[in-house]
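The values are calculated or read from the model by the stated rules, or taken from the named source; none is laboratory data. Note that the structure is predicted; figures quoted are calculated from it, not measured. Cβ: placed from backbone, ideal geometry, glycine included. Neighbour counts: every protein chain shown. Please note that ligands, DNA and RNA were not included when accessible areas were found on the heavy atoms of the full protein model with its side chains. Shrake-Rupley method; radii C 1.70, N 1.55, O 1.52, S 1.80 Å.
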Amino acid sequence: MKPIRLISRIDLKGKNAVKGIQLEGIRVVGDPCQMAQRYYHDGADELFLLDVVASLYERDLDLELIKHIAQQVFIPITVGGRIRSIEQIREVLRSGADKVALNTGAIANPSVLAHAVEAFGAQCIVLSIEAKRKTDGQWEAYTESGRQKTGLDAVAWAKRGIQLGVGELLITSIDAEGMRAGFDLELMNAITAFSPVPVIAHGGAASPASIQQVIVKTGVDAVSAASMFHYMQYTPREVKAVLHKAGIAVRV
Amino acid sequence: MKTVAIVDYGAGNLFSLMKALRYVGASPTLVETPEAVEGSEALIIPGVGAFPAGMKALQERGLVSAVQTYAQSGKPLLGICLGAQLLMSDGYEFGHTQGLGCVPGRVIKFPDLAPGYRVPNINWNPVEPPEQASPKYWQGTPLAHTLPGSQYYFVHSFICEPEDDQDILAQTTYGGFPFCSVYRRGNIVGSQFHPEKSGEVGLQFLKTFLDNL
């Protein structure tokens, strides 16, 4: 069985870690530096830090905060939030990020993906897609943390991203995000069906069982969760112990 | 405190590596001139990115022959990820690119893997000694205190393929395909994984590299 990563996601607003429901109605859940430390020691395989309001407020990422968070964490860190140029990616990587995630910036200017891949390698460019179910059963890609429609079909946009060379896809189901009621399995399957690059599922992690389900039923390569770790229902290590028992290859 | 120089050629995750080295008690410095590279007592070539861009960046800074001279000096040299790849003779990412040539061999894309295994390999993968290696095979290397099967963090689409099997210090299997995850040739060690991103076992790898200086 292929290895699976468990990612702790921390949404940022200013200096605070926040959490919303369906990417909206955000509230403060803690100090991101302390939380990052805790997740590192509690067995997370990676951290994903996303400034959820950077694009909305047209404000750049707080690189000092990223540096600070990265200070005592020795696992990979992916950073997202209003990243839109090569120069900016360079700065974010120099602040301690290992990978950058682009959503709004990539939709506005898809060629930035190809340029970034050429400059930094596919493996550090993550295309983040926030997908919302339409009435016809397909999914539309949104920007600005689920606030802005784009008219783009999420699956077609994922295919385009792969053509442009991205190394990873982060698929967030806006409908499932923060609801703690399980993943959108159909959405994940629609992506894993064709993706040659790793797929990270986000949105809906409710329990170790729901994480096990999205792994087994969709073939994603990594699962990201926020609330279930923030509210200390489980540690990443506890979740992985359950997955390990179920025969899934995880780092224990 | 051990001093270790990191080649700054604009394509690496220097911050992470520096903080990991500091954490294990070293004093890392950045070097970006040929003189500074050649004058180092221990050198690390980090790396994130594509092979041709990495070579180009080294060339633009006039560092190619400096690294080659350093490598021949017998002083300790560690390449990490792209840094390990650049030390090989030939790279095949976006066509052919000549590498630094300090370790004979080539850098090639993963071949077809078992179903469901995607590339890049972005995973924590176990690192093992080559088959039939003696139990003391890792002694005196940065893996000296590592248990076979320990998991390290990999992010790569390309793999190092040393010409000489003797240079393979450790291997890792991904998607049914075994590849060289750490090589050693004399004073040169290259790791395909990122020790600075591999939690406690990664920090141990760096610490052992320093302790061996």
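Looking across region A:121-149, the residues that are among the acidic types (Asp, Glu) and open to solvent by 10 Å² or more (accessible area, probe 1.4 Å) come down to A:136, A:140, A:144. Kindly indicate whether any position in region A:124-137 is at pLDDT below 90 and within 17 Å of the chain's Cα centre (by Cα). Within region A:124-137 (the criterion being at pLDDT below 90 and within 17 Å of the chain's Cα centre (by Cα)), the answer is yes, since at least one residue qualifies. Only residues that are among the aromatic types (Phe, Trp, Tyr), facing chain A (nearest Cβ under 10 Å) and either surrounded by fewer than 23 Cβ atoms within 10 Å (Cβ to Cβ) or assigned to a loop (DSSP other than H, G, I, E, B) (or both) were counted in region B:1-52, giving 2. Residues that are free of Cβ contacts under 8 Å to residues at least 60 places away in the same chain, of a type outside the set (A, V, I, L, M) and touching a strand residue (DSSP E or B) at 6+ places or on another chain (Cβ under 6 Å) within region B:165-194 comprise B:171, B:172, B:178, B:180, B:181, B:184, listed in sequence order.
Residues are listed down the side, and each one gets a yes or a no for (1) more than 28 Å from residue A:124 (Cα to Cα); (2) modelled with pLDDT of 95 or more; (3) polar (S, T, N, Q):
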| position | (1), (2), (3) |
| --- | --- |
| B:54 | no, no, no |
| B:68 | no, yes, yes |
| B:107 | no, yes, no |
| B:150 | no, yes, yes |
| B:168 | no, yes, no |
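The single residue among B:19, B:2 that is basic (Lys, Arg) and in contact with a helix residue (DSSP H, G or I) (Cβ under 6 Å, 6 or more places away or on another chain) turns out to be B:2. Every listed requirement among (1) open to solvent by less than 40 Å² (accessible area, probe 1.4 Å); (2) in a helix (DSSP H, G or I) is met by residue A:118 save one, (1). In region A:119-152, of all residues being of a type in the set (Ser, Thr, Tyr) and touching a residue at least 40 places away in the same chain (Cβ under 8 Å), the one that is nearest to residue A:52 (Cα to Cα) corresponds to A:145. Does at least one position in region B:180-200 carry a residue that is farther than 24 Å from residue B:89 by Cβ, out of contact with any Cys (no Cβ under 7 Å at 6 or more places or on another chain), open to solvent by 10 Å² or more (accessible area, probe 1.4 Å) and part of a loop (DSSP other than H, G, I, E, B)? No: region B:180-200 contains no residue that is farther than 24 Å from residue B:89 by Cβ, out of contact with any Cys (no Cβ under 7 Å at 6 or more places or on another chain), open to solvent by 10 Å² or more (accessible area, probe 1.4 Å) and part of a loop (DSSP other than H, G, I, E, B).
Selection over region A:17-52 of residues that are among the aliphatic types (A, V, I, L, M) and either free of Cβ contacts under 8 Å to residues at least 12 places away in the same chain or in contact with a helix residue (DSSP H, G or I) (Cβ under 8 Å, 6 or more places away or on another chain) (or both) gives a count of 7. The single condition among (1) within 14 Å of chain B (Cβ to nearest Cβ); (2) open to solvent by less than 10 Å² (accessible area, probe 1.4 Å); (3) touching a Lys or Arg at 6+ places or on another chain (Cβ under 9 Å); (4) assigned to a helix (DSSP H, G or I) that residue A:112 does not satisfy is (1). Taking the criterion of being assigned to a helix (DSSP H, G or I), within 14 Å of another protein chain (Cβ to nearest Cβ) and touching a residue at least 12 places away in the same chain (Cβ under 8 Å), would at least one residue in region A:191-199 satisfy it? So far as region A:191-199 goes, yes, one or more of its residues are assigned to a helix (DSSP H, G or I), within 14 Å of another protein chain (Cβ to nearest Cβ) and touching a residue at least 12 places away in the same chain (Cβ under 8 Å).
In summary, helices (runs of 4 or more DSSP H) completely within region A:25-108 and bearing 3 or more residues that are surrounded by fewer than 17 Cβ atoms within 10 Å (Cβ to Cβ) occur at A:32-41, A:63-70, A:86-94.
Only residues that are surrounded by fewer than 18 Cβ atoms within 10 Å (Cβ to Cβ), in contact with a Ser or Thr (Cβ under 9 Å, 6 or more places away or on another chain) and more than 12 Å from chain A (Cβ to nearest Cβ) were counted in region B:85-119, giving 4. Assessment of region A:170-177 against the conditions (at pLDDT 95 or above, part of a strand (DSSP E or B) and either away from chain B (no Cβ under 14 Å) or surrounded by fewer than 19 Cβ atoms within 10 Å (Cβ to Cβ) (or both)) yields at least one matching residue. Take the conditions (1) touching a helix residue (DSSP H, G or I) at 6+ places or on another chain (Cβ under 7 Å); (2) closer than 25 Å to residue B:85 by Cα; (3) part of a strand (DSSP E or B); (4) β-branched (Val, Ile, Thr); residue A:166 misses just one of them, which is (3). Quick one: would you say residue A:9 is more than 14 Å from chain B (Cβ to nearest Cβ), in contact (Cβ under 8 Å) with a residue 24 or more places away in the chain and out of contact with any helix residue (DSSP H, G or I) (no Cβ under 6 Å at 6 or more places or on another chain)? Criteria met by residue A:9. Is it true that residue A:209 is surrounded by fewer than 24 Cβ atoms within 10 Å (Cβ to Cβ) and either of a type outside the set (Lys, Arg) or in contact (Cβ under 8 Å) with a residue 12 or more places away in the chain (or both)? Answer is yes for this residue.
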